[in-house]
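To start, the structure under review is shown below, and the notes come after it.
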Amino acid sequence: MTTTENPAATDTRTITLRVNGREITRTVSTRTTLADFLRDDLDLVSVHLGCEHGVCGCCTVLLDGQSVRSCLMLAVQARGHEVETVESLSADQTNLHPIQEAFAEEHALQCGFCTPAMVLRCKEIIADGRTRTDEEVRREISGILCRCTGYQNIVNAVQNASRRCASTGQEA
Amino acid sequence: MTATQDPARTTEEGPDRPAFTYIGKDRRRVEDPRLLVGRGGYIADMKLPGMLHAAILRSPVPHARIASIDVSAALEIPGVVAVFTGEDVKAHMDPCMNFGPATITQYPIAVDKVRYVGEAVAAVVAENRYIAEDGVDAIVVEYEELPVVSDPRAALEPDAPVLHEEHGSNLGYERTFEFGDITAALESADLVVEDELHWGRSAGMPMETTGAIARPGHNGVLEIYCNSLNFSYLQFLLAAALRIPSNKLKMQPVPAGGSFGSKFTAHKVPTLAGFLALRTGRPVCYLEDRLDHLMNSDHHGSDRYYKVRMGFTKDGLITGLDVDVVDDYGAYMQFGVGTHGNALSQAVGPYRFRDLRYRLRAAVTNKCQQGAYRGFGSEVHNWVLERLVEQGAAKLGIAPEEIRKRNFVLPEEFPYKIPGGNVYDSGNYPGVLEKALSMIDLEHWRKEKERLRREENRYIGIGIATTQERSVFSSTEFWFWFDEPPFPITSSPESATITIDPTGAFQLLLHCQAMWGNSPETVATTILAEEFGIEPESVNVSYADTSRALPGTGPGGSRFTVMVAGAVRGAARKLKKKLIDIAAHTLEVAPEDLELVAARVQVRGAPERSLGLPELAASAYFFALNLPPGMQSGLEESYTYDHPYTTLPSPDRSDLGVFYPIMGHACHIAVMEVDPDTGMTKFLDYVAVHDAGTVVNPKSLGGHVTGGAAQGLGSTLYEELAYDADGQFRSSTFLDYLVPTANEVPPFRIGHVETPSPYTEYGIKGGGEGGRMVTPSAVSAAIDDALREYGMHVRELPIKPADIVATVQAARAKG
Ligand code: FES
Ligand code: FES
């Protein structure tokens with residue numbers, strides 16, 4: 001195999017997208033994944049890579065409000081879209097978003113590696129303001145693996161966050 | 001020295017136990033805020049100027065001589081800086097650290113031969129990971145394939161192909177320990193239960209893999225940042241492998257996204273990163289990707305084949321246990337057979353029998369090496385014990401909870417020395433069982449089971465397990481296997497340094513790995529708060545690099561909470577004395593008349609005469625002439641806490657000494673439904689009660705119980721690092737290796753019982769390995785119970801739906 005002339009390695013595109021509410025324009029290698037673009041080019045290191053093959057869900061971000069696995073997308077595919085990472089809730093450790101507060105209160109994290117993904121997924125599912133059974137919550141978070149918590153406290157945190165957001169009227 | 005030399009007992013047990021302000025309360029963790037905003041400080045988040053990235057070419061074959069490696073095409077790729085092979089490591093470094101036989105050596109890149117699928121064959125260093133991977137794709141290797149050894153029992157046959165010529169056979173290690181008289185114990189039994197069991201290979205599998213960044217620094221110092229390894233404990237061994245003086249290797253602990261054993265002493269990654277940085281003269285980052293980790297981590301878990309016998313009297317009293325185990329260690333034995341020392345620390349479980357034989361053969365095969373996974377091999381022995389107790393109860397017609405009660409070591413018998421020599425410090429096994437039974441209505445479920453079977457043709461099973469949860473290892477367990485161990489280490493300390501700065505604010509320096517997903521900062525600051533009456537959140541915690549670190553061993557064997565509490569309390573005592581001496585001098589009262597309450601030093605009985613920490617700190621730093629004569633400026637104290645209770649094994653090994661005495665206990669009860677036609681299982685209820693002595697933070701201990709139980713469930717029903725008969729690895733992605741999702745893991749209902757340890761500060765016991773010590777036993781028993789009419793008997797983990805269905809179909813075919 002001769003790879004010295006590998007167009008995949010050298011091809012670039014200039015893209016414009018919104019990330020956490022800000023418009024960003026960058027030139028990226030076409031083969032760069034969205035996850036690597038967010039982590040390496042924009043320093044959004046909350047996007048964690050657990051498998052890079054679409055199973056663990058740790059790299060979850062919201063694309064136009066819907067969760068996607070950013071390891072399975074190319075950065076160029078996000079052109080013209082709106083991307084949210086956990087920093088969009090709060091990047092300030094002393095002033096957390098109610099969902100982040102709910103996770104802390106319920107001890108819904110141990111190592112923290114799945115946490116940004118779980119928080120974003122929580123934001124996405126509670127946005128409809130509906131009351132859910134624990135069973136439903138389990139199904140809805142089952143696309144993200146957590147190796148530490150055994151999930152129960154994450155389920156509790158989603159319920160807690162849903163109550164908080166309902167009572168404060170804050171949009172999740 | 002014989003074993004039960006009883007060390008000093010602390011005052012934390014019994015009715016005089018002091019009331020705590022912070023200990024024992026549900027508190028939020030101090031680690032959480034940074035993690036919640038995605039700033040965990042993991043190794044992948046770190047970028048150094050000029051940093052290169054490595055990717056590894058891994059062997060696609062299980063056993064082969066490397067005939068040739070052509071790296072020329074890789075080197076032509078723009079951005080590829082260098083490629084290294086086995087020739088390079090052989091020329092420029094010594095073998096990796098090794099606690100196994102000296103005749104089985106390993107390098108971070110295979111030398112001459114590959115011995116398992118996934119072993120490193122070449123490392124490409126490039127400007128970024130994408131280019132490094134291009135480089136990997138461009139390397140051409142010729143392999144001369146060799147016959148493969150996949151089954152560990154076949155590996156021990158005389159004509160089996162040998163992996164390590166220098167070692168001469170595939171028997172890595174063999175030893176039989178006998179305590180008491182097992183022949184007599186089984187002969188005198190009314191019932192002997194015999195079984196053959198297989199515990200399959202799973203692994204800690206944290207969501208974050210192992211990674212390291214190495215940088216050639218100033219003064220010829222090599223800096224390695226990594227999320228693995230026991231820092232000050234083992235750093236010098238890594239330096240030796242890299243052929244540099246240990247004071248020229250500075251290792252900086254980096255927080256990890258989970259370990260569960262997988263990062264314990266994990267040295268392949270930092271060793272390789274160090275080697276690549278030394279050879280290129282540039283900072284090099286090597287992060288395992290998931291495929292690297294699945295097929296080449298340092299720590300696949302235990303993979304054991306048992307032949308076991310247990311004797312019972314007709315009343316259900318256990319008379320003895322005979323264990324013959326072949327453990328599949330894979331191609332290298334980096335970590336020796338310490339995982340079996342672990343099993344021996346609680347070889348009789350919570351039961352009173354005195355006769356035990358334990359024969360171990362460690363087999364070397366064409367698989368990834370074995371190491372640590374939550375339980376460190378004692379969880380496997382727990383499962384074996386409970387499998388046998390379960391069968392004894394069924395055969396004798398005794399209820400599972402009843403047979404356990406009859407065999408339990410009783411609260412008044414502690415400290416209790418088990419066959420083999422380890423001591424159980426304290427416990428209340430009947431109390432834990434009672435607590436679990438009080439949380440679940442067993443009679444209801446037993447009636448429901450009958451009713452549902454009769455009326456709805458549904459199959460319900462109830463499984464009970466009562467197991468030990470040893471904590472706080474002593475390093476003797478790693479070498480008592482050998483009559484003439486090369487390095488019979490007896491230390492396993494932990495250290496802490498407390499600094500009160502000139503304004504009265506607290507810095508706490510820990511001398512171990514950074515956070516691994518456990519709660520070291522929450523635990524340590526809770527202790528500090530308890531001692532000084534400050535808020536835990538006000539303390540800043542950091543981790544020493546090895547150029548500064550005091551002795552420390554880090555998390556492992558559920559030791560950290562106990563050990564760091566001892567270290568912090570020891571340092572706090574020294575620092576409090578200094579504060580009181582300064583205050584006594586200033587207030588002109590005797591030190592005995594002063595006490596430290598809520599961050600102030602005050603006169604006993606006259607609290608209005610007091611000095612706050614900022615005033616005392618100002619004196620300590622800036623007003624030397626106000627200090628007692630001879631006192632040094634500053635407010636910093638360190639303390640190294642040694643293992644609270646360990647003794648040497650006897651020279652003839654008839655007594656292994658005390659090596660794991662801080663003994664926790666747990667009882668789990670699972671109610672499950674099994675579908676005999678699909679083999680699918682479902683939880684109807686699950687109760688988990690743990691006794692980890694004094695609980696520092698119920699919420700975080702509950703987290704360990706739950707998370708551990710979920711992992712236990714994974715090992716029992718889903719997870720398998722599978723190799724086929726040809727040695728091919730079949731679990732190289734997360735689509736093949738099934739980590740349980742929220743759909744599989746049930747809500748566990750948690751209970752705590754507190755039997756404080758008489759030997760540790762505050763009476764704490766370790767509980768970090770949590771539910772994984774118990775769940776496999778409870779779930780196996782529940783599945784057997786549900787399908788008892790079909791003769792279901794779980795003998796192998798993971799239990800696959802197909803195995804359940806096959807058992808049912810075979811029974812139905814027989815009619
Ligand atoms: S890293 Fe994207 S799904 Fe695992
Ligand atoms: S908190 Fe560690 S993976 Fe979820």
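The values are calculated or read from the model by the stated rules, or taken from the named source; none is laboratory data. The structure displayed is predicted, hence computed values, not measured ones. When we count neighbours, we look across all protein chains shown, and the Cβ atoms used for this are built from the backbone with ideal geometry, even at glycine. Side chains are part of the model used for accessible areas, which takes the heavy atoms of the whole protein and leaves out ligands, DNA and RNA. Shrake-Rupley method; radii C 1.70, N 1.55, O 1.52, S 1.80 Å.
Step by step: find N for region B:170-288, compute 2.2 N^0.38 Å, then divide the Cα radius of gyration by it. What's the final number?
On the way: Rg = 21.9 Å, N = 119, 2.2 N^0.38 = 13.5 Å.
It is 1.62.
Computed log10 I(q)/I(0) for region A:58-139 at 0.19 Å⁻¹: -0.92, from the Debye equation with unit scatterers placed on every C-alpha and solvent omitted. Comparing the full protein assembly with the isolated chain (1.4 Å probe, heavy atoms, ligands and nucleic acids excluded), the residues of region A:88-126 losing at least 30 square angstrom of accessible area are A:GLN93, A:LEU96, A:ALA104, A:GLU105, A:HIS107, A:LEU109, A:GLN110, A:CYS111, A:PHE113.
Counting DSSP beta bridges with both partners in region B:670-815, what percentage is antiparallel, nearest 5?
Values: 7 of 12 bridges.
The answer is about 60 percent antiparallel.
Normalised size of the protein assembly as shown, defined as Cα radius of gyration per 2.2 N^0.38 Å with N residues, equals 0.94. Each Lys or Arg adds one and each Asp or Glu takes one away; over the other residues whose Cβ falls under 9 Å from the Cβ of B:VAL774, this sums to -2. Calculation over all alpha carbon pairs of region A:12-88 in 5 angstrom steps from 0 returns a P(r) of 3, 18, 31, 29, 14, 3 percent.
Determine, from the Cβ-Cβ distance of A:GLU23 and A:ASP64 and an R0 of 25 Å, the FRET efficiency 1/(1 + (r/R0)^6), rounded to the nearest 0.05.
Numbers: r = 15 Å, r/R0 = 0.59.
Between A:GLU23 and A:ASP64 the formula returns 0.95.
In percent, rounded to a whole number, the relative contact order of chain B is 17, using alpha-carbon pairs under 8 Å and six or more apart.
So what is log10(I(q)/I(0)) for region B:18-117 at q = 0.13, 0.15, 0.17, 0.20 1/Å, when the Debye sum runs over its Cα atoms only? For the requested q values the scattering log ratios are -0.76, -0.86, -0.97, -1.15.
Kindly state, to the nearest 0.05, the FRET efficiency for B:ALA618 paired with B:GLN809, given R0 = 56 Å and r defined as their beta-carbon distance. After rounding, the FRET efficiency stands at 0.10.
The value obtained for region B:500-603, namely the Cα convex hull volume divided by the number of residues, is 107 Å³ per residue. For the pair B and A, the buried accessible area comes to roughly 4600 Å² in total, with a 1.4 Å probe and the value rounded to the nearest 100.
Find the Cα radius of gyration of region B:111-200, compare it with 2.2 N^0.38 Å by division, and give the number to two decimals. Write down the numbers at each step before the final one.
Working: Rg = 22.7 Å, N = 90, 2.2 N^0.38 = 12.2 Å.
Dividing the Cα Rg of region B:111-200 by 2.2 N^0.38 Å gives 1.87.
For region B:757-815, report the % of Cα-Cα distances exceeding 19 Å. Mind showing how you got there, number by number?
Numbers: 822 of 1711 pairs.
Counting every Cα pair in region B:757-815, those more than 19 Å apart make up 48 percent.
The stretch between B:ARG175 and B:MET631 holds 158.6 nm of extra length on full extension. This uses 0.36 nm per residue minus the Cα-Cα distance. Computed over the alpha-carbon pairs of region B:309-380, the distance histogram in 10 Å steps reads 18, 44, 25, 11, 2 percent, short to long. Across region A:59-102, Cα-Cα pairs farther apart than 13 Å form 58% of the total.
Using a probe of 1.4 Å on the protein chains alone, the accessible area found for B:ASP181 is around 80 Å². With the convex hull of its Cα atoms as the shape, region A:98-168 has an orientation-averaged projected area of 4.0 nm².
What length, rounded to one decimal in nm, is gained on full extension from B:VAL221 through to B:LYS800, with 0.36 nm per residue of separation minus their alpha-carbon distance? Write down the numbers at each step before the final one.
Values: separation 579, 0.36 × 579 = 208.44 nm, distance 5.13 nm.
That pair, B:VAL221 and B:LYS800, stretches by 203.3 nm at full extension.
Calculated translational diffusion coefficient of chain B (4 °C, 1.567 mPa s; Stokes-Einstein with Kirkwood radius over alpha-carbon pairs) equals 46 µm²/s. Scanning chain A for DSSP H helices at least 20 Å long along the axis (C-alpha atoms) with a Kyte-Doolittle mean no lower than -1.0 picks out A:152-168.
In chain B, what % of DSSP beta bridges are antiparallel (nearest 5)?
Details: 101 of 129 bridges.
Approximately 80 percent, going by the DSSP bridge assignments.
Specify which residue in the list B:SER475, B:HIS511, B:GLN602 is farthest towards the positive end of the charge dipole of chain B, using unit charges on the beta carbon of Lys, Arg (+1) and Asp, Glu (-1), about the Cα centre. Of the listed residues, the answer is B:GLN602. Using heavy atoms of the protein chains and a probe of 1.4 Å, the accessible area assigned to B:PHE408 is about 0 Å². A simple spin-label model places pseudo-atoms 7 Å from Cα toward Cβ; at B:HIS198 and B:ASN457 they are separated by 3.3 nm.
Within the accessible area of the protein assembly as shown, what % is carbon and sulfur when the probe is 1.4 Å and the other protein chains stay in place?
Percent of accessible area from carbon and sulfur atoms in the protein assembly as shown: 49.
Where in region B:279-294 does the amide nitrogen come within less than 20 Å of the point 7 Å from the Cα of B:THR105, taken along Cα to Cβ? Once the point is set 7 Å along Cα→Cβ of B:THR105, B:279 turn out to lie under 20 Å by backbone N, inside region B:279-294. Taking the convex hull of the alpha carbon positions in region B:455-511 and averaging its projected area over all directions gives 11.3 nm².
With q set to 0.19 Å⁻¹, the log10 of I(q)/I(0) for chain A, from the Debye formula over equal scatterers at the Cα positions, is -1.20.
Put simply, the Cα atoms of region B:265-329 extend 71, 20, 18 Å along their principal axes, the longest span coming first. Largest first and in whole Å, the equivalent-ellipsoid semi-axes of region B:30-189 read 40, 27, 13, each the square root of five times a Cα gyration tensor eigenvalue.
Sorted from largest to smallest, which semi-axis lengths in Å does the alpha carbon gyration tensor of region B:333-492 give for its equivalent ellipsoid, taking the root of 5 times each eigenvalue?
Each semi-axis is √(5λ); the values are 35, 20, 13 Å.
Shown are B:TRP481, B:TRP445, whose ranking by accessible area with a 1.4 Å probe and every protein chain present, most to least, is B:TRP445, B:TRP481.
For region A:82-124, taking Cα atoms only, Rg and Dmax work out to 9.8, 30 Å respectively. Counting every alpha-carbon pair across region B:738-788, the share separated by more than 16 Å comes to 64%.
Over region B:557-701, give the accessible area per residue in Å² for a 1.4 Å probe, as an integer.
37 Å²
Each Cα pair of region B:630-716 feeds into the Kirkwood radius, which the Stokes-Einstein equation turns, at 10 °C and 1.306 mPa s, into a diffusion coefficient of 87 µm²/s.
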